[in-house]
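Reading through the structure tokens given below for one structure.
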């Protein structure tokens, strides 16, 4: 309890003794700051939502242990929407109306995020999303921000890397999931601008066990110089294995959707030489010492892994960034007034998170640029920075 | 061109063989009870996941596989004993709904017993692709084809030559008559769940080195196996195998020659066309009762 609160309490006692009046401790001085979260902790997106939830719990605890924010404790109110947009909407409504949270951090998937955007806009509450798609911040919505990179940036990063290796004719093979489709669309959209020609565009289904047919077609397409596989889940690992089985010689690129140790574990030896764009977190220890992000990502990785005994993922990192941006905004605006916090988030420049250096502006509610992505390659069963 | 065709054919056969094993499981239970067991996909999952976790404890693959099949068979028997048998006498629709419930329950249980991660399983004999007529095939695909063939032969011997197999077959043809000649039809139903579960588990183990395994791997494989069973004619052993292989080859051929975006749609169109002209499937029993 802060001294202010105790003073208030003493004053109350005095007043009560004197005039017998009803009196309470000033609420604002001791009530916790409420951070509302709706995450897909279970369900198909649980591999995203679970580390996000753990990260929020871990860091709310840590912030409180070191005195909280503005002299007040943080309180995390988290609900599990199981990846269901309807549930996300219901929980967001509850967070805003009943729990009366000060800021929303959450929305594991683009679907759950977009379902809540109208609520946040109407209730005028700052909302920091943890989902990927570019539609969340484009067009800019006054109260909505996001922490992860977009799939368009991933496409640009991959294509830029291809150009630097003098590759310009690419074959796409993508899955049927929302992420896969969205990224495929973005890649097709930016390909021309980046000087890349898409010469083949294949698909595979959600539960498919074999992609050799699609890859055989790509192999027999004239002029293919590189293959790009936007997707996540088991699909990309099967594609990688089939790719090696067929003995295709061109470089294979995967997306940031499979940027984890898990992918190497699944694809095994076939993963050697695969490239993909990812946040610095994945290669935390091997970053050069003068890298601005190194202390942040190494620290987060260590905290997370020592607490939960499991490998850190970039998805948990998005939640870390979301919470820290909210805290940063509270400190900067010295209040939890929703409008002031919103303005403060929009004014954040040079904040270093796990996803990269964040420079928010009125036009950009994500604040990340290409430098946030690192091009990684699998070498000796591990991710290393591609040269 | 022909190398390309060969590649599609080999891939289609491998995928089709897995569908066939799942479809056989559907058919065996359907024969014994006229119930479509929607938990069939979960047996596939249990086979794969149990093998992964048993090998992780250090057991050799040769020991882990029979154990995992046994685990799945036990789950199948338990499902019959504790979920299907107590509802004996209920309508077929009720029983089908019970199996849907069981499938959701088993999937949920798998996330608790194991986890929600994808797991690789080591190939039975290496990953070096074998070149065959210009196409490449993994040794694991040969395992899939060989084991499926062996199982089909073993099943045809079982149903054609053994008393128990003949009793199961008799029950499927006429339950009442089978009961009258002294066949314990409840026993037959019980065993059919165990046998189906074991078949599903074998499919799950064979495919795991190719396509990994996870708690929800049974959803899609179960669905594809069901399509194969319907295509071949529910209840027909030959039909299940032919249906599986036809479906697998149709999928890869349409992905290769037409469009991979519509390959599942094309497979479904084939199935609808077959059912339109032959309502009981390619090899199904013709009968008025099921129209």
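Computed from the coordinates by the stated procedures, all read-outs in this text should not be read as laboratory data. Everything numeric here is computed off the predicted structure, so don't read it as measured data. Please note: Cβ atoms are built from the backbone with ideal geometry, for glycine as well, and neighbour counts cover all protein chains shown.
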* For an R0 of 22 angstrom, estimate the FRET efficiency from the Cβ-Cβ distance between residue A:359 and residue A:141 and round to the nearest 0.05. => 0.75
* Helix A:3-19 sits at what angle to the longest principal axis of chain A, using alpha carbons and giving 0 to 90 degrees rounded to 10? -> 30
* To do: Return the single residue from B:124, B:38, B:226 with maximal mean-square fluctuation; model: Gaussian network over chain B, springs between Cα atoms under 10 Å.
  => B:124
* To do: Rounded to the nearest 500, what is the 222 nm mean residue ellipticity of chain A from helices alone, with -39500 (n - 2.57) per DSSP H run of 4+ residues and division by all residues?
  => -13500 deg cm²/dmol
* **Cα centroid separation - the range A:259-291 against the range A:321-387, whole Å** => 21
* Structure fact -> Row for the range A:152-278, column shape: gyration tensor on C-alpha, a ≥ b ≥ c, rounded if a/c < 1.5 i.e. under 1.5, prolate if a/b over b/c, else oblate; value rounded
* Structure fact -> chain A: relative contact order from alpha carbon pairs under 8 Å, six or more residues apart, as a whole percent, is 15
* Among rounded, prolate and oblate, which fits the range B:56-168 when a ≥ b ≥ c are the square roots of the eigenvalues of its C-alpha gyration tensor, a/c under 1.5 means rounded, and a/b larger than b/c means prolate? -> oblate
* Structure fact -> per DSSP, antiparallel bridges as share of beta bridges in the protein assembly as shown, % nearest 5, sits at 35
* Asked: Tell me, how many Å apart are the Cα centres for the range B:1-70 and for the range B:77-98?
  -> 24
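Please state the shape class of chain A: rounded when a/c is under 1.5, otherwise prolate if a/b exceeds b/c and oblate if not, all from the C-alpha gyration tensor. Numbers along the way, then the final one.
Numbers: a/c = 2.46, a/b = 2.26, b/c = 1.09.
The shape class here is prolate.
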* To do: Could you check the simple spin-label distance between residue B:273 and residue A:384, using points 7 Å along Cα→Cβ, in nm with one decimal?
  => 5.3
* How high is the relative contact order of the range A:152-278, given as a whole-number percent (alpha carbon pairs under 8 Å, six or more residues apart)? -> 27
* Within the range A:184-209, which residues have the backbone N less than 15 Å from the label spot 7 Å out from residue B:262 along Cα→beta-carbon, could you tell me? => A:203
* Structure fact -> Once residue B:149 and residue B:111 are pulled to full extension, the length gained, defined as 0.36 nm per residue separation minus their Cα-Cα distance, is 10.4 nm
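Contact order normalised by length for the range B:16-215, with contacts defined as Cα pairs under 8 Å and 6 or more residues apart; what percent is it?
It comes to 44 percent, rounded to a whole number.
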* How many partner chain Cβ atoms sit within 10 Å of a residue's Cβ in peptide B:177-185, on average, as a whole number? -> 0
* Asked: Which FRET efficiency value, to the nearest 0.05, is calculated for residue A:193 and residue A:97 with the Förster distance at 60 angstrom and r the Cβ-Cβ distance?
  -> 0.85
* To do: Under a 10 Å cutoff between Cα atoms, tell me which one of A:113, A:240, A:209 has the largest fluctuation in the Gaussian network model of chain A.
  => A:209
* Asked: Using r as the Cβ-Cβ distance of residue B:62 and residue A:90, and R0 as 41 Å, what FRET efficiency do you calculate, to the nearest 0.05?
  -> 0.20
* Kindly express, to the nearest 10 degrees and within the range 0 to 90, the angle between helix A:110-123's C-alpha long axis and the longest C-alpha principal axis of chain A. => 30
* Which residue fluctuates the most in chain B, going by a Gaussian network model with Cα springs under 10 Å, if the choices are B:138, B:206, B:112? -> B:112
* How many nm separate the modelled label positions at residue A:163 and residue A:250, each set 7 Å beyond the Cα in the direction of the Cβ? -> 1.8
* Degrees, to the nearest 10: A:178-191 long Cα axis against longest axis of chain A -> 60
